[in-house]
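Report on one structure; see the data block that follows.
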Amino acid sequence: MNERRRLTGVVTSNRMTKTVVVVISRTYRHPLYRKVVHTSHKVKAHDELGCHIGDEVTVVESAPFSREVCWVVESIVKREGKTLDLAEEAVQ
């Protein structure tokens, strides 16, 4: 396995062609004040797997695809089932 960073996050947008926005959340305890701090940041990732909003995915850093996209969706950890139900209701 290579030394590239791998992060897990949730897909919040898939409106772009072959690109998704992933929110990566991190919780840690502040070293001085001992308060629990929640942080999150968004990354744009190249998507060949067809992710939907709400899916939990693993992203891995890569060479840049464009100015903002330098991550790739490696695998889908957990699928969100709601997107399939909405698609079926729209067809009927």
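FYI, it's all coordinate maths here, none of it is from the lab. What you are looking at is a predicted structure, and each value in this text was computed from that prediction instead of being measured. Every residue, glycine as well, gets a Cβ built from its backbone with ideal geometry; the counts of neighbours run over all protein chains shown.
At-a-glance table
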item	result
Added length on full extension, which subtracts the Cα-Cα distance from 0.36 nm per residue, ARG26 to HIS41	4.5 nm
Over the chain: Kirkwood hydrodynamic radius from C-alpha pairwise inverse distances, Å	14.5
Relative contact order (%) - segment 6-91, alpha-carbon pairs under 8 angstrom, separation at least six	27
Positive-end extreme of charge dipole, the chain - chosen from MET1, VAL73, ILE53 (charges on Cβ)	MET1
5 angstrom amide H check on ASP55, placed H, neighbours 5+ away	VAL11, GLU80
